[in-house]
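The values are calculated or read from the model by the stated rules, or taken from the named source; none is laboratory data. All values derive from a computational prediction rather than experimental measurement. With ideal geometry, Cβ positions are generated from the backbone for all residues, glycine too; neighbour counts draw on all protein chains shown.
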There are 2 protein chains.
Amino acid sequence: MMVSTRGRYALRIMADLAEHRGQDYVPLKTLAQRQEISEKYLESILKTLVSHRLLAGVRGPGGGYRLTREPEKYTAGEILRVAEGGLTPVACLEDGAEPCPRAAICRTVGLWRGLRDVVNRYLDSVTLADLIREDLGGDDYVI
Amino acid sequence: MMVSTRGRYALRIMADLAEHRGQDYVPLKTLAQRQEISEKYLESILKTLVSHRLLAGVRGPGGGYRLTREPEKYTAGEILRVAEGGLTPVACLEDGAEPCPRAAICRTVGLWRGLRDVVNRYLDSVTLADLIREDLGGDDYVI
DNA sequence: AAATAAACCTATTTATTGAGTAGGTTTATA
DNA sequence: TATAAACCTACTCAATAAATAGGTTTATTT
């Protein structure tokens, strides 16, 4: 499995905030309850989202979290890259990775680049607005 | 990161065997040396590939491993699914997964289905023959 | 000013899975 | 009969994911 709870929770929270817009700042407690995620764990995820400016956090009574842009302006790819710390399929493609000694003879690195590109292209084609509209899928998307 | 060493090693071994075809059975020892992988660990991976008939293994002197088909007849997707035990991005899409209680209200499951399909479609579009030809990439595939 | 509600911060623990080892058994060839 | 190989079961170690704990700061309300 390749997407961890950090990424999945982050996406759910962002979608939740997109759905409940207008009610300005939503406190951690409310988000944790609505999404059934432990407050403390969620807190550490939200911290990352705030530090990357995907969310704004405000302290004190009446405070909480809020989107910093319109839902159409976020892509799933951006949110996941922030929450997961990257989306590369293999270590040798992470940026800042020390060059692989087998790079010259490696028959598979091209495949990994292709996979990385396909994944990012797809995830960047879906916005937060699409998610809460929830008409994704096409093809074999049944239910 | 989402592809483990089992998948990566499996793919490298399959590509190795495709490149060294004709010299029929190649022993574990040789493969491990050529690919710089521990014999014991590789053994456990090859066992999986044999049990799924991607490779044929023959014991005794002169034995070893061999492809069971022409390289064009394997896709990277098939090899990775066997080696990794699946390629689904999230647990709730694995087959045999117990139904998620949030499924009805989940805003993200559609995205995961889409991602799963995109990944499998891409990986199934690349054959072992493509890998050893190594003209993958296109786009931003520079070295 | 005091009480309170909230985010923010650092560190630690626990659980899970990935990665790798160890040692023996069976099969086939020379 | 010796040997080269795959096959098999079980175990250990390491890394990372997941979660927890407890405190500090900031802003609002009374």
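Which residues, taken from region A:3-37, are assigned to a helix (DSSP H, G or I), within 18 Å of B:Val90 (Cβ to Cβ) and within 11 Å of another protein chain (Cβ to nearest Cβ)? A:Thr5, A:Gly7, A:Arg8, A:Tyr9, A:Ala10, A:Leu11, A:Arg12, A:Ile13, A:Met14, A:Ala15, A:Asp16, A:Gln35, listed by residue number. Identify all residues within region B:80-96 that are assigned to a loop (DSSP other than H, G, I, E, B), within 16 Å of DNA strand D (Cβ to nearest atom) and charged (D, E, K, R); write none if there are none. Result: B:Glu94, single match.
For the residues A:Arg59, A:Arg12, A:Arg69, the requirement of being under 16 Å from the mean Cα position of the chain (by Cα) and within 16 Å of DNA strand D (Cβ to nearest atom) singles out A:Arg12.
Table: residues versus (1) within 23 Å of A:Arg113 (Cβ to Cβ); (2) aliphatic (A, V, I, L, M); (3) touching a Gly at 6+ places or on another chain (Cβ under 6 Å).
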site: B:Gly7; (1), (2), (3): yes, no, no
site: B:Tyr25; (1), (2), (3): no, no, yes
site: B:Thr48; (1), (2), (3): no, no, no
site: B:Tyr65; (1), (2), (3): no, no, yes
site: B:Ala103; (1), (2), (3): no, yes, no
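Of these, A:Leu67, A:Leu111, A:Leu80, which one is touching a residue at least 40 places away in the same chain (Cβ under 8 Å) and buried (at least 21 other Cβ atoms within 10 Å of the Cβ)? Selected residue: A:Leu80, the only one of A:Leu67, A:Leu111, A:Leu80 that is touching a residue at least 40 places away in the same chain (Cβ under 8 Å) and buried (at least 21 other Cβ atoms within 10 Å of the Cβ). Screening B:Tyr74 with (1) more than 13 Å from DNA strand C (Cβ to nearest atom); (2) facing chain A (nearest Cβ under 9 Å); (3) in contact (Cβ under 8 Å) with a residue 60 or more places away in the chain; (4) surrounded by 15 or more Cβ atoms within 10 Å (Cβ to Cβ) gives one miss only, at (2).
Each row is one residue, and each column tells you yes or no for (1) facing another protein chain (nearest Cβ under 8 Å); (2) under 22 Å from A:Arg6 (Cβ atoms); (3) modelled with pLDDT of 90 or more.
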site: A:Glu78; (1), (2), (3): no, yes, yes
site: A:Cys92; (1), (2), (3): no, no, yes
site: A:Asp95; (1), (2), (3): no, yes, no
site: A:Thr108; (1), (2), (3): yes, no, yes
site: A:Asp117; (1), (2), (3): yes, no, yes
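Restricting attention to region B:120-133, which residues are touching a Pro at 6+ places or on another chain (Cβ under 7 Å) and within 8 Å of chain A (Cβ to nearest Cβ)? Selection gives B:Ile132 alone. Within the option set B:Thr88, B:Thr75, being touching a helix residue (DSSP H, G or I) at 6+ places or on another chain (Cβ under 6 Å), polar (S, T, N, Q) and within 15 Å of B:Asp16 (Cα to Cα) holds for one residue only, B:Thr75.
Looking at B:Arg59, is it within 13 Å of DNA strand C (Cβ to nearest atom), more than 14 Å from every other protein chain (Cβ to nearest Cβ) and over 20 Å from B:Ile132 (Cβ atoms)? Yes. Confirm whether B:Gly62 is closer than 13 Å to B:Asp24 by Cα and exposed (fewer than 12 other Cβ atoms within 10 Å of the Cβ). So B:Gly62 passes the test.
Would you call B:Ala10 more than 9 Å from DNA strand C (Cβ to nearest atom), surrounded by 15 or more Cβ atoms within 10 Å (Cβ to Cβ) and without any contact (Cβ under 8 Å) to a residue 12 or more places away in the chain? No; evaluated as a whole, the condition is false for this residue. Of the residues A:Gly114, A:Gly77, the single one that is over 13 Å from the mean Cα position of the chain (by Cα) and more than 16 Å from DNA strand D (Cβ to nearest atom) is A:Gly114.
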